[in-house]
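Written out below as structure tokens is the structure these notes cover.
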Amino acid sequence: MNDVVRFSLNSPMENGSSIGLISVIIPVYNTSQYLKRCIDSLLSQTYPAIEIMLVDDGSTDTSGAICDEYAKSYPNVKCIHKENGGQGSARNEGLSSIHGDYIGFVDSDDWVSPEMYRRFAKAIEETGADVVQTGCLRLTSEREAHLSDIGPVSLYRDKSILERYLHDGMTGGSYSVCTCLFKRAVLEGLTFREGKRNEDIDFKYEALRHAHLYAVIEAQDYFYWQIGSSTTRGGLVKEDFDLYEAARILRDLSSTEGHEIARLGMQKEARTAFSLLSKVAYYGIDDPSIQKKEVVERFRRELRQNYFLLLSSPMSCLRKVLMTLFVLNYPFAEAMVSVFRKVRV
């Protein structure tokens, strides 16, 4: 169960930077086109005590030079250069080098509202939460970015924390760590899996497993950029199959937490084929070594096997309809997705 509390996140904090230093880790790899926007949004935060840790993960464009430029110009900006090892590796490097009492993550092609970390700090000050989360706004134009209104703050305790996380993931919410601020203690001993995609999924689960109180702010302060290439945008590639590993780990972790949490973990694992098939339908396939006919049939076969488990899941009705169309007539479903994408753009 959750408690809904209402208080003003727009009012000043009584003791200034009362929760102490916030460290924000930004893994950087070849995002020179967007990197300044990201860093500037953090430098513009209304919360006064922020350390910005830029981890250049072997960029081959001018991203590394941009990181150095900011580190020289701003005392609260730090920069690490390392060989390319992937996002998980870059985040782990940042975790070993920061000094904050609370830790956040931002992807270098995204940006945040100027109020995000002050609102996080205010929520922690008011509730004592170990982890605070906001919503994200998916954007294809910077003009769409705006400071969102604030709704109530929902509080979750102990087992209900994991239920909320898994339920949100099944209903279209984000597994990303980027919309959260974590108390340093809940991340103690945790590292991201390296060299794999979807490393957020099990890392965030483990962090929430260590939390006693989880606050979810009804707002959209994280701006998720939907243009350009990233690990979540673009056509299917071999690395996307890492989602199976993340889902299996999540299923194993959740299997000991009680019936409802275990069931949600099983449903998340079963949803993997739907997620990847949706990516094929929406973005296509970018890896020439992947045979579309074979992979589509593989995903459809898995969906048929798990159809009733997913039908009873918290997935939205729209996604359940799409899943049904995938099973019955994939070419028709793909055509409908294509029309939707054109209309949306």
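The values are calculated or read from the model by the stated rules, or taken from the named source; none is laboratory data. Everything numeric in this text was worked out from a predicted model, so none of it was measured. For neighbour counting, all protein chains shown are included, and Cβ atoms are generated from backbone atoms with ideal geometry for every residue, glycine included. With ligands, DNA and RNA removed, areas are computed over all heavy atoms of the protein, side chains included. Shrake-Rupley method; radii C 1.70, N 1.55, O 1.52, S 1.80 Å.
Figures for the structure shown
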{"read-out": "Answer from Arg344, Arg271 - the residue that is charged (D, E, K, R) and at pLDDT 95 or above", "value": "Arg271"}
{"read-out": "Residue within segment 209-223 that is among the aromatic types (Phe, Trp, Tyr), farther than 29 Å from Ala123 by Cβ and touching a residue at least 12 places away in the same chain (Cβ under 8 Å) present", "value": "no"}
{"read-out": "Subset of segment 72-93 that is polar (S, T, N, Q) and either open to solvent by 60 Å² or more (accessible area, probe 1.4 Å) or not in a loop (DSSP other than H, G, I, E, B) (or both) - its residue that is farthest from Asp242 (Cα to Cα)", "value": "Ser73"}
{"read-out": "Residue within segment 48-71 that is modelled with pLDDT under 95 and open to solvent by 50 Å² or more (accessible area, probe 1.4 Å) present", "value": "yes"}
{"read-out": "Checking Ser18 against (1) modelled with pLDDT of 95 or more; (2) under 23 Å from Val132 (Cα atoms), the condition it does not meet", "value": "(1)"}
{"read-out": "Only one of Leu208, Leu190 that is at pLDDT 95 or above and either within 26 Å of Asp40 (Cα to Cα) or surrounded by fewer than 21 Cβ atoms within 10 Å (Cβ to Cβ) (or both)", "value": "Leu190"}
{"read-out": "From Gly228, Gly235, residue being over 16 Å from the mean Cα position of the chain (by Cα), modelled with pLDDT under 95 and open to solvent by less than 30 Å² (accessible area, probe 1.4 Å)", "value": "Gly235"}
{"read-out": "Qualifying residues in segment 103-128 (those that are in contact with a Phe, Trp or Tyr (Cβ under 6 Å, 6 or more places away or on another chain) and not in a helix (DSSP H, G or I)) - the one modelled with the highest pLDDT", "value": "Ile103"}
{"read-out": "Restricting segment 148-182 to residues that are of a type in the set (A, V, I, L, M) and closer than 17 Å to Ala123 by Cα, the residue that is most open to solvent (accessible area, probe 1.4 Å)", "value": "Ile150"}
{"read-out": "Top-ranked residue of segment 94-116 - restricted to ones that are of a type in the set (Asp, Glu) and open to solvent by 10 Å² or more (accessible area, probe 1.4 Å), ranked as farthest from Ser18 (Cα to Cα)", "value": "Asp109"}
{"read-out": "Residue count, segment 174-189 (criterion: outside any helix (DSSP H, G or I) and in contact (Cβ under 8 Å) with a residue 24 or more places away in the chain)", "value": "10"}
{"read-out": "Options Ala215, Ala185: the member that is over 25 Å from Arg319 (Cα atoms) and crowded, with 21+ Cβ neighbours inside 10 Å", "value": "Ala215"}
{"read-out": "Long-range neighbours under 9 Å by Cβ, at least six apart or interchain, first residue in a helix (DSSP H, G or I) within segment 232-251, second hydroxyl-bearing (Ser, Thr, Tyr) and open to solvent by 50 Å² or more (accessible area, probe 1.4 Å)", "value": "Lys238/Ser289; Glu239/Thr231; Asp240/Thr231"}
{"read-out": "Filter result (exposed (fewer than 13 other Cβ atoms within 10 Å of the Cβ), more than 19 Å from Asp168 (Cα to Cα) and either in contact (Cβ under 8 Å) with a residue 40 or more places away in the chain or among the β-branched types (Val, Ile, Thr) (or both)) within segment 288-320", "value": "Ser289"}
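Residue-by-condition table, conditions (1) touching a residue at least 12 places away in the same chain (Cβ under 8 Å); (2) farther than 17 Å from Trp111 by Cβ:
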{"residue": "Gln33", "(1), (2)": "yes, no"}
{"residue": "Gly64", "(1), (2)": "yes, yes"}
{"residue": "Lys72", "(1), (2)": "no, yes"}
{"residue": "Pro75", "(1), (2)": "no, yes"}
{"residue": "Cys79", "(1), (2)": "yes, yes"}
